[in-house]
Protein chains: 2
Amino acid sequence: MILLRTSLSFAPTRGLCRALSSRLLSSPTPVDGMLDIDVVGGVTKIKDLKVGMEVKVGGWVRTARSQKTLSFLNLNDGSTLSGLQAVLPPSSTPLPTTGASVVCVGSVIESPSSGQDHELQVTSWKTYGLAPDFPLAKKRHTLEYLRTLPHLRHRTNTLAAISRLRSTLSQGIHKFFESEGCINVMAPIITTSDCEGAGEMFSVSCNDDTVGDKFFSKDVYLSVSGQLACEALACGLGSVYTFGPTFRAENSNTKKHLAEFYMLEPELAFEDKFGAMSNCERLIKFLISEAWSTNSEDMEFFSKFYDKTLPEKRDGILTSEFTKLSYTTAITELQNEISKDPTKWQFPNVEFGTDLQTEHERWLCETFTKKPTFIYDYPTSIKPFYMRLNDNPDTVGAFDLLVPGIGELVGGSQREERLDILEERMEGMEGYEWYKDLRRYGTVPHSGYGLGFERLICYLSGVENIREANAFPRSPGVAEM
Amino acid sequence: MILLRTSLSFAPTRGLCRALSSRLLSSPTPVDGMLDIDVVGGVTKIKDLKVGMEVKVGGWVRTARSQKTLSFLNLNDGSTLSGLQAVLPPSSTPLPTTGASVVCVGSVIESPSSGQDHELQVTSWKTYGLAPDFPLAKKRHTLEYLRTLPHLRHRTNTLAAISRLRSTLSQGIHKFFESEGCINVMAPIITTSDCEGAGEMFSVSCNDDTVGDKFFSKDVYLSVSGQLACEALACGLGSVYTFGPTFRAENSNTKKHLAEFYMLEPELAFEDKFGAMSNCERLIKFLISEAWSTNSEDMEFFSKFYDKTLPEKRDGILTSEFTKLSYTTAITELQNEISKDPTKWQFPNVEFGTDLQTEHERWLCETFTKKPTFIYDYPTSIKPFYMRLNDNPDTVGAFDLLVPGIGELVGGSQREERLDILEERMEGMEGYEWYKDLRRYGTVPHSGYGLGFERLICYLSGVENIREANAFPRSPGVAEM
């Protein structure tokens, strides 16, 4: 159906269609093993193959080699890391090369080769799309080079494994919050709010003359966080979560920052900061567990090539509680450690009120506690208006989760639910009457957090640069496709 | 812990914190039934209550009434439509009013009242947040009025039911595609591509002086569709889907259009247009089934107040195949019908090449077939470059799904996978070399579609205006919160 065009008539109607020349008829003739394969429909995923099945498989050639009487293709369809060994019968047609697309029909049999349970004994096959000069034909490429090919790089082991992990984690997030009885909401992207009270935002505008100067009749931005909208929904629907794109127009070209990234933001009604921390800990344990059970082959791959300690990390996380340290305790511990040799530290002056630097965060979770660590009750002076003032008003009910190798993975807090205190803290801020209304009408204690999804992927995979964790990373100067 | 503040010390550090006056200490004293309730943590959702449970429940008062010896609260926590009847013991404190937040402790018992299985026999309770002058205190409000209160309207039956339905459908989408072996990907929001080749886009800019004129060194926009990015991922990972926000800067203030809306876009490798239609049909049947099984109370509510035919629609959809009509057949049928009485039609002139108007679409699915109907193989002249040219090149492998009451719910196509034909159709378009690369290197047949999520919600709930289907609707002149 795809390959045979019987009608030669060609008359684009109404002149609206770009003229198509007779080249229409010169589409590349596929190179076949046998001609009787329909390449469309009915394809079985390589991950679902089991010995005894008669199947059609479609995928892309990773390697091809010929022996005297047989040929071997390693075929990958994106569903697994290792792909499938397809054993081809003798054929007069040339073997497809790396990157070509192939459809094979045959039987799944036990494999005599080591390193695989089964292989495909091919009865007929067809090379559908050739791949001359395929840019990924060579086996090894640097991650930096692969970033220049965002439309192709998921055809490599690392990027495909990350894509599968990302999918499993996304599914895991939805499963976890469904099991917790939270409602999935979607915070708006175009917004007039600036949740953080700081931070650079992208502006959104419209050039359509018919709507005048401003499409929305006011200045609008891309959301830096869905928190405030989620607070509104949680105060009525009960606990909710949003999991969607957020944006920061910060000129930071680091391994840990993207201008567009996915953030998970649960907002839990009738929970305090400890309830939110507990929810977060259960979530992360669940996701690690999902990653290793659903994507075991990919996780082994990451352990082999990116971070040999991944299995040990996993076991540590699954079998113990995350540490909880108050900010004040953390400062005391840091002061003790720094006093031993201040010259080892770039920022040796640490006291109550200090915004923790990366070296402090890393020492806390990598050396002092050696595991994921919540730091909570930060100084009021360094945190935004919406965080709940503690009984000791020098601190607010904020918390961060620090993890080895990444630093801050999660930031959250109990929200200020008392109208009079909130009004004091919001003095001078305009346009947030709706936010105060949430405290005017049936206010409830509530808490939430934000988890950077790409950082989580880096943490679980051991892949260092956040540009690998997002298929189409955006950063200063970079917005491909 | 929430209510008792023991420390009176108050010294914001470092002068960075906005000064807080002694009003800190004057937060409203809660009005209590009994004082020994911690309002934080351990709350059971009303939907999970069963006779015999000893529970703590937190929620908002819908109605309150007193009898001689007992008082009754209808309490709603967002988890169900009907909420919970809480029966309060005699108390000297006043009953909370509509909108107030309350926490109750007690036993779930069989209810003597009609219309409910169980109720809560309250032993102690606490009004946590009052709600004087609550704007939704009156029972009935127009949907138009509720739109002026986007931060509160989900505290009403209709909007809460839509929020729950939306969550169930979102979860259902993820479950369906996981069961189909599709990888969940996230197409970028900030993009340089204009997938439709037309349509107004929002521009994104950054005012940070440190990054010069353009943050991304080029003009960028908000995505109108993730299709092209998904095609890249499908050609390597196999079938994928993206489910995220998309944007149209069109100056259309209708019941069917939003400037920001969620779209589901699957892209299926090795499938043709019929495979994609079949996937779409299975998805919609699954989602209807999920909605009625998970949200039965809400669906009954919609049937009662918004569209009495919903149960009939559901049964029709679940028990029969969607109709498939070629565009050419649809035109013939329309011509026959119109010829009976052309004066009944606003657009009576219909011929091959006509872009179907709403009245045509509605007649086709509401009168002619009376069910969801795929129209496929549209004229090449009215469809974009990426749709696959048929053997008869007057038409491309496009399809739309028309549903009664809504019109177009889904638009999709088989994509042009042949490089030479694609190049002809893309003549003059710049910046899409990466898209052509997908056909240069191992091209495969693939197909996909886009489903407007808010339209689906309207279709399933019978709620007419798309502004109810999105918690924070954006349209010309409107971007609240």
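The values are calculated or read from the model by the stated rules, or taken from the named source; none is laboratory data. Predicted, not measured: the structure shown is a model, and the values here were computed from it. Counting neighbours? That spans all protein chains shown, and the Cβs are built from the backbone with ideal geometry, glycine included. Note: accessible area is taken over every heavy atom of the protein model, side chains too, but ligands, DNA and RNA are not part of it. Shrake-Rupley method; radii C 1.70, N 1.55, O 1.52, S 1.80 Å.
Any idea what log10 I(q)/I(0) is at q = 0.12, 0.13, 0.16 Å⁻¹ for the stretch A:130-245, Debye with uniform C-alpha scatterers and no solvent?
For the stretch A:130-245 at q = 0.12, 0.13, 0.16 Å⁻¹, log10 I(q)/I(0) is -0.76, -0.83, -0.94.
Taking amide H atoms as placed 1.01 Å from N in the peptide plane, list the residues 5 or more away in sequence, or in a different chain, whose amide H sits under 5 Å from that of residue B:217.
Counting only residues 5 or more places away or on other chains, the set is A:477.
Once you've got the Cα coordinates, tell me which of A:56/B:313; B:344/B:371; B:56/B:285 are over 26 Å apart.
Details: A:56/B:313 37 Å; B:344/B:371 22 Å; B:56/B:285 38 Å.
Distance filter (> 26 Å) returns A:56/B:313; B:56/B:285.
Farthest toward the dipole's positive end in chain B, which of B:220, B:302, B:127, given Cβ charges of +1 (Lys, Arg) and -1 (Asp, Glu) about the Cα centre?
Selected residue: B:127.
At q = 0.15, 0.20, 0.21 Å⁻¹, what is the log10 ratio I(q)/I(0) for the stretch B:426-476, with the Debye formula run over Cα points and no solvent?
Those come out to -0.67, -0.73, -0.76, one per q.
In chain B, which residue puts its Cβ closest to the axis that turns chain B onto chain A, and how many whole Å away is it?
That would be B:174, 2.
Please report how far the C-alpha centroid of the stretch B:142-208 lies from that of the stretch A:416-451, rounded to the nearest whole angstrom.
Distance between centres, Cα-based: 25 Å.
At a probe radius of 1.4 Å, figure out the B/A buried accessible area, summed over both chains, and give it in Å² to the nearest 100. Numbers along the way, then the final one.
Working: alone 24710 and 24690 Å², together 36870 Å².
Chain pair B/A: roughly 12500 Å² of buried accessible area.
Can you work out the Karplus-derived ³J(HN,Hα) for every residue in the stretch A:372-378? Use 6.51 cos²θ - 1.76 cosθ + 1.60 with θ = phi - 60°, whole Hz, and x for glycine or proline.
Residue by residue, the stretch A:372-378 yields x, 9, 7, 9, 9, 6, 7 Hz.
Report the one residue of B:292, B:187, B:96 whose Cα lies farthest in the direction of the positive end of the charge dipole of chain B (charges on C-beta: Lys and Arg +1, Asp and Glu -1; origin at the Cα centre).
Among B:292, B:187, B:96, the one farthest towards the positive end of the dipole of chain B is B:96.
Take the stretch B:300-357, compute every pairwise Cα distance, and split them into 5 Å bins from 0; I just need the percent in each bin.
With a bin width of 5 Å, the distribution comes to 4, 16, 16, 13, 10, 16, 17, 7, 1.
Quick query: amide H of residue B:378 versus all other amide H atoms, modeled in the peptide plane; which residues come in under 5 Å with a sequence gap of 5 or more or a different chain?
B:396, B:398
Averaging over all projection directions, find the projected area of the Cα convex hull of chain A and quote it in nm² with one decimal place. The partial results should precede the final answer.
Working: hull surface 123.3 nm².
If I average the Cα hull's projected area over directions, I get 30.8 nm².
What is the helix-to-structure angle for B:310-319, meaning the angle in degrees between its Cα long axis and the longest Cα principal axis of chain B, kept from 0 to 90 and rounded to the nearest 10?
The answer is roughly 50 degrees.
Given the protein assembly as shown, what whole percent of its Cα pairs are spread farther than 45 Å? Don't jump to the answer; show the numbers that get you there.
On the way: 157287 of 462241 pairs.
More than 45 Å apart: 34 percent of the Cα pairs in the protein assembly as shown.
For the stretch A:145-479, report the accessible area per residue in Å² (1.4 Å probe, heavy atoms, rounded to an integer). Could the numbers behind the result be given before it?
Working: 10710 Å² over 335 residues.
Here the per-residue accessible area is 32 Å².
What are the residues whose amide H is under 5 Å from the amide H of residue B:128, where those residues sit 5 or more places off or on another chain and H is modelled from the backbone?
Sorted by chain and number, the residues that satisfy this are B:101, B:102, B:103.
Once you wrap a convex hull around the alpha carbon atoms of the stretch B:214-318, what is its projected area averaged over all directions, in nm²?
Working: hull surface 41.2 nm².
Averaging across all directions leaves 10.3 nm² for the Cα convex hull.
Taking a temperature of 20 °C and a viscosity of 1.002 mPa s, what whole-number D in µm²/s does Stokes-Einstein yield for the stretch B:34-112 with Rh from Kirkwood over alpha carbon pairs? Mind dumping the intermediate values first?
Working: Rh = 12.9 Å.
The Stokes-Einstein estimate is 166 µm²/s.
Using the 2.2 N^0.38 Å rule of thumb for compact globular proteins, work out how the stretch A:261-377 stacks up: its C-alpha Rg over that value, please.
Working: Rg = 17.0 Å, N = 117, 2.2 N^0.38 = 13.4 Å.
Its radius of gyration relative to the 2.2 N^0.38 Å reference: 1.26.
Divide, for the stretch A:85-155, the radius of gyration over alpha carbons by 2.2 N^0.38 Å, where N is the residue count. List each step's numbers first, then the result.
Values: Rg = 15.1 Å, N = 71, 2.2 N^0.38 = 11.1 Å.
Taking the Cα Rg and dividing by 2.2 N^0.38 Å, one obtains 1.36.
Where the label is 7 Å out from Cα toward Cβ, how close does residue A:342 come to the same position in every other copy, in nm, shortest first?
Output for residue A:342: 9.4 nm, nearest copy listed first.
Sorted from shortest, what are the nm distances separating the label point of residue B:109 from equivalent points in the other copies, each placed 7 Å from Cα along Cα to C-beta?
Copy-to-copy label distances at residue B:109, shortest first: 7.4 nm.
Peptide B:52-58: average number of partner chain Cβ atoms within 10 Å per residue?
On the way: counts 0, 0, 0, 0, 1, 1, 6.
What the average comes to for B:52-58 is 1.
Between residue A:312 and residue A:143, 0.36 nm times their residue separation minus their Cα-Cα distance comes to what? Walk me through the numbers before you get to the answer.
Numbers: separation 169, 0.36 × 169 = 60.84 nm, distance 2.54 nm.
Here the segment from residue A:312 to residue A:143 would lengthen by 58.3 nm.
Only four residue types carry charge here, +1 at the Cβ of Lys and Arg and -1 at the Cβ of Asp and Glu. Report the dipole size of the protein assembly as shown about the Cα centre in Debye, rounded to the nearest 20.
900
Which FRET efficiency value, to the nearest 0.05, is calculated for residue A:252 and residue A:367 with the Förster distance at 25 angstrom and r the Cβ-Cβ distance? It would help to have the intermediate numbers written out before the result.
Numbers: r = 26 Å, r/R0 = 1.03.
Efficiency, from the Cβ-Cβ distance: 0.45.
Measure nothing but the geometry: give the 0 to 90° angle between the long axis through the Cα atoms of B:227-237 and the longest principal axis through the Cα atoms of chain B, rounded to 10°.
Once rounded, one gets 90 degrees.
Considering all projection directions equally, how large on average is the shadow of the alpha-carbon convex hull of the stretch A:371-481, in square nanometres?
One quarter of the hull surface, i.e. the mean projection, equals 9.9 nm².
Short version: ³J(HN,Hα) in whole Hz for each residue of the stretch B:383-392, in order, from phi by Karplus 6.51 cos²θ - 1.76 cosθ + 1.60 (θ = phi - 60°), x for Gly and Pro, what are they?
With the stated coefficients, the stretch B:383-392 comes to 10, x, 4, 8, 7, 6, 5, 6, 4, 8 Hz.
In degrees between 0 and 90, to the nearest 10, how far off the longest principal axis of chain B does helix B:327-340 point, with axes built from Cα atoms?
The angle comes out at about 80 degrees.
When Cβ neighbours within 10 Å are restricted to other protein chains, what is their mean count per residue of peptide B:469-480?
Average neighbour count from other chains, rounded to a whole number: 6.
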